[in-house]
Amino acid sequence: MTVLPMVIMLFCALSAHGAKVPKRQFRGAWIQCVNGQFQGLSKEEMQRTLTYQLDELQKDGVNAIIFQVRAECDALYQSSYEPWSKFLTGVQGQNPGWDPLRWMVDECHKRGMELHAWINPYRAKTKGTMALAYNHIAVRHPERVFQYDGLYILNPASAANREYICRVADDIVRRYDVDGLHIDDYFYPYPVAGVQIPDAADYRASGTSMSIGDWRRDNVNKFIRQLADSIHHTKPWVKFGVSPFGIYRNARPGVDGSNTRGLQNYDDLYADVIKWVDEGWIDYCVPQVYWQIGHKSADYATLIRWWNANAANRPLFIGEDVERTVKYADVDNPNTNQVAAKHKLHEECRNVGGTVLWYAKAAVDNYNSYGIFLRDYYWKYPALQPLMPFIDNKAPGKPKKLKAYKNDTNVLLTWRAPKGKGWQDEAHRYVVYQFAPGEDIDTDDASHIITITPHLSAEIRRPQTKGKYTYVVTALDRMSNESDIAKKNLKIK
């Protein structure tokens with residue numbers, strides 16, 4: 001089937017479902033380095049590549065970038081703790097001559113996007129890395145690292161390692177204006193048949209009465225809680241997010257889990273994700289539900305409903321595999337793919353507040369028209385970030401002295417920032433709405449949002465229809481609490 005009929009069918013399917021665009025939605029995309037997409041690029045080439053990706057993702061409606069900055073105890077930023085990543089120059093420890101994280105923070109913010117710095121906490125060496133820099137943690141402290149199937153892993157049993165990772169994360173949060181600190185699904189290593197985790201001596205030395213599985217989970221629990229405390233102590237507004245593997249536990253006699261048969265966070269990776277959610281140690285959860293609807297061992301519909309029912313104590317977003325979504329046919333309509341069916345499941349699951357795309361480049365490349373679908377329907381209108389009242393629920397003051405001007409092609413709005421004394425009541429971004437003649441001012445209707453900007457002005461294409469238009473501007477604080485409205489009428493002749 002050609003692309004255009006496929007897209008039309010998707011739109012019709014969504015219309016039949018009565019889809020509505022929510023005003024608040026986390027629309028993220030993972031930009032990873034570990035796949036080598038930037039390795040060996042010059043500063044200019046990498047910036048050009050990222051600029052194109054960010055521009056396309058902005059057109060697609062993405063409002064948050066999760067950018068991998070630490071893949072193997074290395075850095076895509078200037079660090080006094082860890083060496084420069086080989087995924088920049090090809091040589092670990094070689095200075096690329098610029099700071100990708102600082103550049104990405106600025107580029108995302110000027111587009112109205114959040115930037116979440118993504119680190120892999122425990123992995124110290126990937127299989128493809130042959131040489132480690134002299135200042136790498138595995139070189140400086142080999143006793144704190146164990147080997148597993150060609151990987152180096154920071155031993156989760158080590159209190160010194162927990163302290164070290166938190167110090168690295170604190171350095172990022174303190175020195176960079178990131179909106180979030182994000183960790184992925186690598187805790188204890190993914191199990192390989194016949195290969196044992198070499199921590200029996202540590203377990204015996206601990207003197208614990210817990211089983212070794214409970215002891216490993218407790219080690220990770222301690223780290224998660226310590227990292228959360230460290231982040232919020234440094235900057236309370238920085239969101240701490242985790243994207244765990246898509247299955248918590250498989251249901252079986254005596255075990256309350258999902259009706260699945262696959263690798264498990266709890267039993268295999270020793271990650272008790274639901275405990276972290278229930279205890280409030282993390283600020284958002286993004287299970288990687290990468291499978292298709294109808295997968296025999298890990299059905300997407302089963303899993304999104306399970307997470308919706310069991311992880312509601314913190315904002316829940318779904319990690320979505322772009323390629324699988326458009327590759328597999330809808331089980332109820334074989335003539336189209338699964339985009340519309342998955343979107344319908346998101347609508348039905350009331351606790352699901354957003355999506356993160358795996359991976360960003362697949363959407364940028366418009367794989368099987370996925371990008372077209374986002375920008376023309378799914379994420380056509382801008383969206384505010386979901387609220388996190390457990391961090392802050394106080395709205396800033398409204399913008400001041402809103403003015404509106406027009407010329408032959410554009411409308412220019414300007415305003416002044418409201419007064420604020422601290423991060424909880426300072427304006428961080430602004431939302432601009434446009435209402436046509438005769439329309440009620442309804443700021444809950446996302447279709448009226450023109451832009452979300454960090455600036456004190458906005459230039460908008462002049463409406464083609466004559467009449468008195470109303471422009472509304474509101475202020476958002478760092479947690480996206482929204483102020484009262486400032487409004488201005490402008491007559492278009």
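The values are calculated or read from the model by the stated rules, or taken from the named source; none is laboratory data. This is a predicted model, so every value here is computed, not measured. Reconstructed Cβ throughout: ideal geometry from the backbone, glycine too, with neighbour counts over all protein chains shown. The protein model used for the area step is the full one, side chains on, heavy atoms only, and it has no ligands, DNA or RNA in it. Shrake-Rupley method; radii C 1.70, N 1.55, O 1.52, S 1.80 Å.
Rounded to whole Hz and in sequence order, give me ³J(HN,Hα) for region 439-450 from the Karplus expression 6.51 cos²θ - 1.76 cosθ + 1.60, θ = phi - 60°, writing x for Gly and Pro.
Once rounded to whole Hz, the list reads 7, 5, 7, 10, 7, 7, 8, 5, 5, 8, 6, 8.
Using the Kirkwood radius built from alpha carbon pairs, what does the Stokes-Einstein equation give as D for region 24-66 at 37 °C and 0.692 mPa s, in µm² per second? Display every interim value, and only then the final one.
On the way: Rh = 11.3 Å.
Approximately 290 µm²/s, per Stokes-Einstein.
Pulled fully out, how much extra length does the chain show between Lys43 and Val91, if you take 0.36 nm times their separation in residues and subtract their Cα-Cα distance?
Values: separation 48, 0.36 × 48 = 17.28 nm, distance 1.50 nm.
In short, 15.8 nm is gained.
Give the Debye-formula value of log10 I(q)/I(0) at each listed q (0.06, 0.07, 0.13 Å⁻¹), with one equal scatterer per alpha carbon of the chain, two decimals each.
Reported log10 I(q)/I(0), two decimals: -0.29, -0.40, -1.33.
Where in region 63-81 is the amide nitrogen less than 13 Å from a point lying 7 Å along the Cα-to-Cβ axis of Arg102?
Label zone hits: 77-80.
Cut-off 20 Å, label point 7 angstrom out along Cα-to-Cβ of Trp423: give me the residues of region 218-253 whose amide nitrogen falls inside.
In region 218-253, the label zone of Trp423 (backbone N under 20 Å from the point 7 Å along Cα→Cβ) covers 224-242.
Report, as a whole number in µm² per second, the diffusion coefficient that Stokes-Einstein gives for region 238-363 at 4 °C and 1.567 mPa s using the Kirkwood radius over alpha carbon pairs.
Translational D for this selection: 88 µm²/s.
Keeping every protein chain present and rolling a 1.4 Å probe, give me the accessible area per residue for the chain in Å². Mind showing how you got there, number by number?
Values: 20630 Å² over 493 residues.
Per-residue value: 42 Å².
Using the alpha-carbon atoms, what tilt in degrees (0 to 90, nearest 10) does helix 159-175 show relative to the longest principal axis of the chain?
In the chain, helix 159-175 runs at an angle near 20 degrees to the longest axis.
Suppose the Debye formula is applied to equal point scatterers at every Cα of region 282-322; what is log10 I(q)/I(0) at q = 0.15 Å⁻¹?
Ignoring solvent entirely, the Cα scatterers give -0.34.
Rounded, prolate or oblate: which one fits region 177-288, using the alpha carbon gyration tensor with axes a ≥ b ≥ c (rounded when a/c is under 1.5, else prolate when a/b beats b/c, else oblate)?
On the way: a/c = 1.96, a/b = 1.35, b/c = 1.46.
Since a/c reaches 1.5 but b/c is at least a/b, the shape of region 177-288 is classed as oblate.
Report, in degrees rounded to the nearest 10, the 0 to 90 angle that the Cα long axis of helix 3-16 makes with the longest principal axis of the chain.
Once rounded, one gets 80 degrees.
Let me spell out the model: positive unit charges on the Cβ of Lys and Arg, negative unit charges on the Cβ of Asp and Glu, origin at the Cα centre of region 306-362. What dipole size does that give, in debye rounded to 20? Walk me through the intermediate numbers first.
Numbers: 7 positive and 7 negative charges, 37 e Å.
Once rounded to the nearest 20, the dipole reads 180 debye.
Can you send over the solvent-accessible area of Glu82, 1.4 Å probe, protein chains only, in Å² to the nearest 10?
Here the residue's solvent-accessible area equals roughly 10 Å².
By how many degrees, 0 to 90 and rounded to 10, does the Cα axis of helix 100-110 deviate from the longest principal axis of the chain?
30
Taking amide H atoms as placed 1.01 Å from N in the peptide plane, list the residues 5 or more away in sequence, or in a different chain, whose amide H sits under 5 Å from that of Val411.
Ile460, Arg461, Arg462
Pull up all non-local amide H partners of Asp330: gap of 5 or more, or a different chain, and H-to-H distance under 5 Å with H placed in the peptide plane.
For Asp330, the qualifying residues are Thr336, Asn337, Gln338.
In region 132-157, whose amide N lies under 18 Å from the spot 7 Å out along Cα-to-Cβ of Tyr190? List them in ranges.
Correct set: 147-154.
If you roll a 1.4 angstrom probe over the protein chains with everything in place, what fraction of the accessible area of the chain belongs to carbon and sulfur, to the nearest %? If you can, show how the numbers build up before the last one.
Working: 9700 of 20630 Å².
Percent of accessible area from carbon and sulfur atoms in the chain: 47.
For region 226-280, compute Rh as the Kirkwood radius over C-alpha pairs and then the Stokes-Einstein diffusion coefficient at 37 °C and 0.692 mPa s; write the answer in µm²/s, rounded to an integer.
Working: Rh = 12.8 Å.
Rounded to a whole number, D works out at 257 µm²/s.
Residue-wise, which Karplus ³J(HN,Hα) couplings in Hz belong to region 357-371, taking 6.51 cos²θ - 1.76 cosθ + 1.60, θ = phi - 60°, and x for glycine or proline?
8, 10, 10, 4, 5, 5, 6, 4, 6, 6, 4, 6, 6, 4, x
For region 355-493, list log₁₀ I(q)/I(0) at each q in 0.13 Å⁻¹, using the Debye formula over Cα point scatterers of equal strength and ignoring solvent, two decimals each.
After summing over all Cα pairs, the log10 values are -0.66.
Residues with amide H under 5 Å of Val289's amide H, sequence separation 5 or more or different chain, H placed in the peptide plane at 1.01 Å from N; which?
Excluding prolines and chain starts, which carry no amide H, the hits are Gly319.
Output ³J(HN,Hα) for region 122-136: one whole-Hz value per residue in order, computed from phi by the Karplus curve 6.51 cos²θ - 1.76 cosθ + 1.60 with θ = phi - 60°, and x for Gly and Pro.
Along region 122-136, the couplings run 9, 5, 9, 7, 7, 4, x, 8, 9, 10, 9, 5, 4, 9, 6 Hz.
Relative contact order of the chain, please, whole-number percent, based on alpha carbon pairs below 8 angstrom and at least 6 residues apart.
Values: 992 pairs, mean separation 72.3, N = 493.
Once normalised by length, the contact order is 15 percent.
Pick out, from Ser258, Ile274, Val286, the residue whose Cα sits farthest towards the positive end of the charge dipole of the chain, with +1 on the Cβ of Lys and Arg and -1 on the Cβ of Asp and Glu.
Val286
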